[in-house]
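The values are calculated or read from the model by the stated rules, or taken from the named source; none is laboratory data. Predicted, not measured: the structure shown is a model, and the values here were computed from it. Neighbour counts run over all protein chains shown; Cβ positions are idealised from the backbone, glycine included.
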Amino acid sequence: MSEKLRSLVLAGGRLIDPSRGLDETGDLLVVDGKIESVGGKLGPIDDAEVIDCGGAIVSPGFIDVHCHLREPGREDVETIATGARAAAAGGFTAVCAMPNTDPVTDNQAAVGFIIRQSQRANAARVHVIGAISVGQRGETLAEFGEMVAAGAVAVSDDGKPVVSAQLMRTALEYARTFRIPVIDHCEEPTLAHGGSMNEGIVSARLGLKGIPSEAEEIMVIRDILLARRTGGHVHLAHMSTYGSVELIRWGKERGINVTAEVCPHHISLTEDRILSYDTNAKMNPPLRTQKDVDALREAVKDGTIDLIATDHAPHHYDEKEREFADAPNGIVGLETALAVSVTNLVETGHIDFVTLIEKMSCNPARIFGLPGGTLSKGAAADITVFDPKLKWLVDPATFLTKGRNTPYAGQTLTGRAVCTVVQGRVAYKLSGSGTDERPRRANQGSQ
């Protein structure tokens, strides 16, 4: 990453900031890591780095509230540094790391460790999500207060559902004190047990045990009702079914404090992707039907789904090279999320770029109380510049993440981050040839 420059000009881009109702072509000036001015045409500025953004969209930095960085415990699969660099390459200025590490991020020291590692990485910001329960065992609440004091922005046992309704109720009540959301992995374990894909005609044809949509929906409605009872904020992770959308809509219509996310893979792929037994299409919740995909796309459009999150989950190649039922769940997503969303939501006419930026930047910042999500003067200069028309071939060998487990390998997608600015620093820049590069000062050229 380049050293922080006193001044940076992003020139001639389409400036979109849904938080301010801004959509115009102009320049953006960054001074000392803060946004100094937005819009209009700037004259020459001494010692400023100037980046030509013509043809690109300049937006508040994308924020991913759901990713797995694997450190501590599985540094062979991903580290905070490699994950943060991959995030920047995908246009994300900040990510939130889930707590299912080894050891589990369930205490003040563990939160502090991740924050220190993030600072050393010096790439995208890394916020910490602490565990709901000690060891993610679903028995005793972790100490929310100490984790929040250390920097945690939410709590979750993601990867494992909170099976106990009483524990979930207590977590919502306790988290309300600290004004943080409780994120739940909605899965009724007795229905989902042993399943490796969506339950239906395709699973029967392939001879694989399925996971019914009701396994998700039962926990969705339980959590919504508990949020109504407690007044707490429940955030529902990686929604995947038509029924879940209907239940979330029901809760929002009644003023219940429920928010929800969808992952790019659940609005772009169906269970048919598994017909070849490709383990890179195995995830939890599983890929569902076209009806579910259509419902999720509509939910993004009408606001039932609040934001888009990656659920970035790298695995070692050997782990995915198993029989389908035995392979681990999850795919990498930080470097493809923008393109998958543009290709399957914007190009299909479901939403426009204003709504996409709202779902990937403004809403994550607002819902999780994070810095960023705006191009307002004086705000931290966390900025994403992306080419909305750039078509590129997904080649996992070029990823900055250690993971290569993606179902999009070999596909041509549209839309790519070309420059990511974090706290006034150019954290990532795409070269003219479409390859990744680490930027230096403009007068030194690229490397």
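Would you mind finding the one in ARG70, ARG74 that is assigned to a loop (DSSP other than H, G, I, E, B), in the same structural domain as ALA337 (by TED's automatic domain parsing) and buried (at least 24 other Cβ atoms within 10 Å of the Cβ)? Explain how you work it out, then say what you get.
Details: ARG74 fails: buried (at least 24 other Cβ atoms within 10 Å of the Cβ).
Among ARG70, ARG74, only ARG70 is assigned to a loop (DSSP other than H, G, I, E, B), in the same structural domain as ALA337 (by TED's automatic domain parsing) and buried (at least 24 other Cβ atoms within 10 Å of the Cβ).
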Item to complete: Assess whether PRO364 counts as being at pLDDT 95 or above and of a type outside the set (S, T, N, Q).
Response: yes
Discussion item. Return the residues of segment 162-182 that are farther than 20 Å from HIS127 by Cβ and part of a helix (DSSP H, G or I); say none if nothing qualifies.
Written reply: ALA165, GLN166, LEU167, MET168, ARG169, THR170, LEU172, GLU173
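Among the residues in segment 6-20, are any touching a Lys or Arg at 6+ places or on another chain (Cβ under 7 Å) and either within 12 Å of VAL385 (Cβ to Cβ) or part of a loop (DSSP other than H, G, I, E, B) (or both)? Let's see the steps before the verdict.
So in segment 6-20, the residues touching a Lys or Arg at 6+ places or on another chain (Cβ under 7 Å) come out as none.
Looking for residues that are touching a Lys or Arg at 6+ places or on another chain (Cβ under 7 Å) and either within 12 Å of VAL385 (Cβ to Cβ) or part of a loop (DSSP other than H, G, I, E, B) (or both), one finds none in segment 6-20, hence no.
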Worksheet, complete the sentence: (1) free of Cβ contacts under 8 Å to residues at least 12 places away in the same chain; (2) in contact with a Cys (Cβ under 9 Å, 6 or more places away or on another chain) all hold for ILE201 apart from (2)
Item to complete: Please work out which residue is farthest from ILE180 (Cα to Cα), limiting yourself to segment 85-131 and to residues that are surrounded by fewer than 20 Cβ atoms within 10 Å (Cβ to Cβ) and of a type in the set (D, E, K, R).
Response: ARG120
Worksheet item: Restricting the search to segment 257-292, which residues are free of Cβ contacts under 8 Å to residues at least 60 places away in the same chain and either surrounded by fewer than 20 Cβ atoms within 10 Å (Cβ to Cβ) or at positive phi (or both)?
Response: ASN257, THR270, SER276, GLN290, LYS291
Worksheet item: Name the helices (runs of 4 or more DSSP H) wholly within segment 263-378 that hold at least 1 residues that are out of contact with any helix residue (DSSP H, G or I) (no Cβ under 9 Å at 6 or more places or on another chain)?
Response: 317-320, 353-357, 363-368
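So, in segment 89-120, of the ones that are in a helix (DSSP H, G or I) and within 20 Å of the chain's Cα centre (by Cα), which residue ends up farthest from VAL385 (Cα to Cα)?
Within segment 89-120, the first condition is being in a helix (DSSP H, G or I), and the residues that meet it are 89, 108-120.
The next check asks that each one be within 20 Å of the chain's Cα centre (by Cα); those that pass are 89, 111, 114-115, 117-119.
Details: ALA89: 11, VAL111: 30, ILE114: 27, ILE115: 26, GLN117: 26, SER118: 22, GLN119: 23 Å.
Ranking the candidates gives VAL111 first.
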Worksheet item: Restricting attention to segment 139-159, does a residue exist that is assigned by TED's automatic domain parsing to the domain that holds ALA89, within 25 Å of the chain's Cα centre (by Cα) and at pLDDT below 95?
Response: yes
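Quick one: which residue in LEU191, LEU247, LEU236 is over 26 Å from the mean Cα position of the chain (by Cα) and assigned by TED's automatic domain parsing to the domain that holds ASN284?
Values: LEU247 fails: over 26 Å from the mean Cα position of the chain (by Cα); LEU236 fails: over 26 Å from the mean Cα position of the chain (by Cα).
After applying the criteria, what remains is LEU191.
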Discussion item. If I ask for residues that are surrounded by 24 or more Cβ atoms within 10 Å (Cβ to Cβ) and either free of Cβ contacts under 8 Å to residues at least 12 places away in the same chain or in a strand (DSSP E or B) (or both), which ones from segment 379-414 would you list?
Written reply: ILE383, THR384, VAL385, PHE386
Response to the item:
Being in a helix (DSSP H, G or I), at negative phi and touching a His at 6+ places or on another chain (Cβ under 8 Å) narrows ALA227, ALA215 down to just ALA227
Item to complete: Go through segment 151-177 and count every residue that is farther than 18 Å from VAL65 by Cα and not β-branched (Val, Ile, Thr).
Response: 11
